[in-house]
1. Give the stretch 171-190 a look and list any residue that's of a type outside the set (G, A, S) and at pLDDT 95 or above, or say none.
2. Return the only residue of K121, K95, K114 being in a loop (DSSP other than H, G, I, E, B) and surrounded by fewer than 17 Cβ atoms within 10 Å (Cβ to Cβ).
3. Considering only the stretch 69-76, I want to know if a residue exists there that is closer than 19 Å to V109 by Cβ and over 15 Å from the mean Cα position of the chain (by Cα).
4. What is the number of the single condition among (1) farther than 30 Å from I231 by Cβ; (2) assigned to a loop (DSSP other than H, G, I, E, B); (3) open to solvent by 40 Å² or more (accessible area, probe 1.4 Å); (4) of a type outside the set (K, R) that N62 does not meet?
5. Would you confirm, using the coordinates I've provided, whether S59 is out of contact with any helix residue (DSSP H, G or I) (no Cβ under 7 Å at 6 or more places or on another chain), over 26 Å from G119 (Cβ atoms) and free of Cβ contacts under 8 Å to residues at least 24 places away in the same chain?
6. Limited to the stretch 190-231, what total is found for residues that are of a type in the set (G, A, S) and surrounded by 14 or more Cβ atoms within 10 Å (Cβ to Cβ)?
7. Which one is farthest from I96 (Cα to Cα) among residues in the stretch 153-189 that are exposed (fewer than 13 other Cβ atoms within 10 Å of the Cβ) and among the basic types (K, R)?
8. Could you please find all residues in the stretch 110-127 being closer than 17 Å to I45 by Cα and hydrophobic (A, V, I, L, M, F, W, C)?
Amino acid sequence: MRLAIIPARSGSKRIQNKNIKSFHGKPILHWVIDEIKKSNCFDKIIISTDNKKIFELASKMNVETPFLRPKNLSDDKTPIIPVIRHAINWYKNKKIFFNEVCCVYATAVFLKSKYLIKGLKCLNQTNVHFTLSACKFNYPIQRAFKLNKEKRIEMFQPEDFLTRSQDLEDAWHDAGQFCWGKSNAWLKDDILFSNKTIPIEIPNFRVQDIDTIADWKRAELMFSILKRENI
């Protein structure tokens, strides 16, 4: 059996009610759930939440909310792995077991079902513990700089200043859409970014964090363009 878990806590400080805020005419969660269902990968789709409004919304979208997440797993400093473990163990206590479990983020509006399918296939065709949505940085991180105490530029890696950008190694980051894992891996492993994980590449134009109002507006513009161009 396969389980999809959507973590969707309350208490977003920078965007109020972010996980149920209207995005292009629907609660943002709605877009994510639709794409999860299109994949046909899952025997069960649930939302892990501490919020009664999200709890009620989930039932309207035919998604289960079998429990209210404990307060100690619902603050803005809680890592994702303990949240997924809690859900897996909740079902284990009821003698319900899953082989593969996928964490899908509540604001992943650029998620496409084909990448969920690819992530599952990769997980089962290799000996890794996780597959993770990932994206290449648009610009070489080796050229990044910081500001020193005098507010002057200081490179992180000055030795790479004269290296051609095409000769610098690609760097990747979490695309913030999903992470597949074997159930036992979620229960035992404490880190996702390791040699036990294979990235599933997501195109840059389908990746956008939504943490601030500016992020939200950018995401709405991107979504409009992708929808118009049917990409």
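The values are calculated or read from the model by the stated rules, or taken from the named source; none is laboratory data. Worth saying up front: this structure is predicted, and the values here are computed from it rather than measured. Please note: Cβ atoms are built from the backbone with ideal geometry, for glycine as well, and neighbour counts cover all protein chains shown. What goes into the accessible areas is simple: the full protein's heavy atoms, side chains included, and nothing from ligands, DNA or RNA. Shrake-Rupley method; radii C 1.70, N 1.55, O 1.52, S 1.80 Å.
1. Those that are of a type outside the set (G, A, S) and at pLDDT 95 or above: W172, H173, D174, Q177, F178, C179, W180, K182, N184, W186, L187, K188.
2. After ruling out the rest, the residue left standing is K95.
3. No, because not a single residue in the stretch 69-76 is closer than 19 Å to V109 by Cβ and over 15 Å from the mean Cα position of the chain (by Cα).
4. The failed condition is (1).
5. The answer is yes for S59.
6. Count: 1.
7. R164
8. Across the stretch 110-127, the qualifying residues are L111, L116, I117, L120.
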